[in-house]
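Novice: Got a structure for you, questions after.
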Amino acid sequence: MTAQETIQVRVVKKQAEAEGIASFELARVDGAALPPFSAGSHIDVHLPGGLTRQYSLCNASHESHRYRIAVLRDPASRGGSVAMHDSVHQGDVITISTPRNHFALHPAQRTVLLAGGIGVTPLLCMADRLARTGADFALHYCTRSAERTAFAAEIAASAMAPRVHFHFDAGPAEQKLDIAAVLAAPGPDKRLYVCGPAGFIDHVVNSAKALGWAQDHIHLEYFGAPAQDTSGDQGFDVRIASTGKVYAIAPDVSVVEALRKEGIDILTSCEQGVCGTCLTRVLEGEVDHRDMYLTDEEKAANEQFMPCCSRARSKLLVLDL
Ligand code: FES
């Protein structure tokens, strides 16, 4: 559940961008300007059937007449991408949230953007912004093949073109991503942004750390959360510090869901441990962290957790609510 403001928008254009990828251009039903956004922002899309999914905005961030998102049809996902492809059509009116940004650009002398597949969407918006401001940057865009590369023609025709490098898994060796070369010579005035599937992000982040990049200069956004093994999950109790009341959390129910049923709403967005919206302070007990948002150091400190996905190792968690 989220208290985020919503907007009614029309799908003014739906278009195939690559194999399995469609873009959706959204404009306000009443024709007014959309709320402003910054590069790296995403919106929640409320889908037919009650699903809510987050998609990054991939149009230029100075535009106010449209938001554009792009969606990879992934039958193995939790249903959102298939619903977008099969049930949302040009001309439809849908509900979205106002934009939020958990993946904002920081000032830097040089910015390196690394995109894996559909993870290009927020980075495309960043690259446009950096190109418009004359910043020093490079975008490395890794996909399986040219046919699966969304926005390739648009990029080639844009001002960012000289700074974009395409890397196809199916292509010749000399065009493959040389991660050691791309991430060589880290420095305090350089920033790295990476977005894509979990395996891609892990590879980039591990490589960056091995090459000496500081963790707080590496910014990442997962495209969907990696699958968790939940087969051994146990129930535990949560105590709300302000009331002293204790609630049982069943093995197959998240803390957010269990508390919501009791009338205690924690603000959420992704409900996958990616966005950070549900961050909650922990006063007692040991957390079983399952999110991708907190750093390793923050997880080890055991002072806060993501109740949309994380659980408890101890019998009881006391939350600062
Ligand atoms: S709602 Fe996004 S991390 Fe919990």
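Novice: With respect to residue 256, determine if the residue is within 21 Å of residue 80 (Cα to Cα), within 14 Å of the ligand (Cβ to nearest atom) and not in a loop (DSSP other than H, G, I, E, B).
Specialist: Judged against the criteria, residue 256 is a match.
Novice: Let me ask you something else. Among the residues of segment 147-185, count how many are farther than 20 Å from residue 69 by Cα and assigned to a helix (DSSP H, G or I).
Specialist: So the answer is 10.
Novice: Mind checking whether some residue in segment 259-277 is at pLDDT below 95, more than 9 Å from the ligand (Cβ to nearest atom) and outside any loop (DSSP other than H, G, I, E, B)?
Specialist: yes
Novice: Sticking with this structure for a sec: Can you confirm whether residue 208 is part of a helix (DSSP H, G or I), outside the structural domain of residue 277 (by TED's automatic domain parsing) and either free of Cβ contacts under 8 Å to residues at least 60 places away in the same chain or away from the ligand (no atom under 16 Å from the Cβ) (or both)? Talk me through it step by step, then tell me what you get.
Specialist: Values: part of a helix (DSSP H, G or I): yes; outside the structural domain of residue 277 (by TED's automatic domain parsing): yes; either free of Cβ contacts under 8 Å to residues at least 60 places away in the same chain or away from the ligand (no atom under 16 Å from the Cβ) (or both): yes.
When the stated conditions are applied, residue 208 passes them.
Novice: Additional query: Every residue in segment 255-282 that is surrounded by 15 or more Cβ atoms within 10 Å (Cβ to Cβ) and of a type in the set (Asp, Glu), please.
Specialist: Matches in segment 255-282: 257, 271.
Novice: Something else now. When you look at residue 308, is it assigned to a loop (DSSP other than H, G, I, E, B), touching a residue at least 40 places away in the same chain (Cβ under 8 Å) and within 15 Å of the ligand (Cβ to nearest atom), yes or no?
Specialist: Here the answer is yes, as residue 308 does meet what is asked.
Novice: State whether the residues of segment 100-108 include one that is modelled with pLDDT of 95 or more, within 16 Å of the chain's Cα centre (by Cα) and not assigned by TED's automatic domain parsing to the domain that holds residue 39.
Specialist: Looking for residues that are modelled with pLDDT of 95 or more, within 16 Å of the chain's Cα centre (by Cα) and not assigned by TED's automatic domain parsing to the domain that holds residue 39, one finds at least one in segment 100-108, hence yes.
Novice: Scan segment 279-286 and tell me whether some residue there is within 13 Å of the ligand (Cβ to nearest atom) and assigned to a loop (DSSP other than H, G, I, E, B). Talk me through it step by step, then tell me what you get.
Specialist: Start the filter on segment 279-286 by keeping residues that are within 13 Å of the ligand (Cβ to nearest atom), which leaves 279-280.
Going one step further and asking which of them are assigned to a loop (DSSP other than H, G, I, E, B), we end up with 279.
Yes, there is a match, as at least one residue in segment 279-286 is within 13 Å of the ligand (Cβ to nearest atom) and assigned to a loop (DSSP other than H, G, I, E, B).
Novice: Does segment 8-17 include one or more residues that are modelled with pLDDT of 95 or more, under 16 Å from the mean Cα position of the chain (by Cα) and surrounded by 15 or more Cβ atoms within 10 Å (Cβ to Cβ)? Walk me through how you get there before you give the answer.
Specialist: Let us first name the residues in segment 8-17 that are modelled with pLDDT of 95 or more, namely 8-17.
Checking the rest, the ones that are also under 16 Å from the mean Cα position of the chain (by Cα) come to none.
No, every residue in segment 8-17 fails to be modelled with pLDDT of 95 or more, under 16 Å from the mean Cα position of the chain (by Cα) and surrounded by 15 or more Cβ atoms within 10 Å (Cβ to Cβ).
Novice: Residue 293 versus (1) within 14 Å of the ligand (Cβ to nearest atom); (2) over 25 Å from residue 198 (Cα atoms); (3) part of a loop (DSSP other than H, G, I, E, B): which is the lone unmet condition?
Specialist: Result: residue 293 fails condition (2) only.
Novice: Still on this structure, I have one more. Among all residue pairs at least 6 apart or on different chains, which show Cβ distances below 7 Å where the first residue, located in segment 169-182, is within 15 Å of residue 114 (Cβ to Cβ) and the second is of a type in the set (Lys, Arg) and in a loop (DSSP other than H, G, I, E, B)?
Specialist: If the second residue must be of a type in the set (Lys, Arg) and in a loop (DSSP other than H, G, I, E, B), the pairs left are 169/144.
Novice: Could I ask something else about it? When only residues in segment 295-312 that are touching a helix residue (DSSP H, G or I) at 6+ places or on another chain (Cβ under 8 Å) and among the polar types (S, T, N, Q) count, which is surrounded by the fewest Cβ atoms within 10 Å (Cβ to Cβ)?
Specialist: Among residues in segment 295-312 that are touching a helix residue (DSSP H, G or I) at 6+ places or on another chain (Cβ under 8 Å) and among the polar types (S, T, N, Q), the one surrounded by the fewest Cβ atoms within 10 Å (Cβ to Cβ) is 295.
Residue-by-condition table, conditions (1) out of contact with any Asp or Glu (no Cβ under 9 Å at 6 or more places or on another chain); (2) surrounded by 18 or more Cβ atoms within 10 Å (Cβ to Cβ); (3) modelled with pLDDT of 95 or more:
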position: 130; (1), (2), (3): no, yes, yes
position: 137; (1), (2), (3): yes, yes, yes
position: 140; (1), (2), (3): yes, yes, yes
position: 145; (1), (2), (3): no, no, yes
position: 151; (1), (2), (3): no, yes, yes
position: 157; (1), (2), (3): yes, no, yes
position: 182; (1), (2), (3): yes, yes, yes
position: 192; (1), (2), (3): yes, yes, yes
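The values are calculated or read from the model by the stated rules, or taken from the named source; none is laboratory data. Remember, it's a predicted structure, so these values are computed and weren't measured experimentally. So basically every Cβ, Gly included, is an ideal-geometry build from the backbone, and we count neighbours across all protein chains shown.
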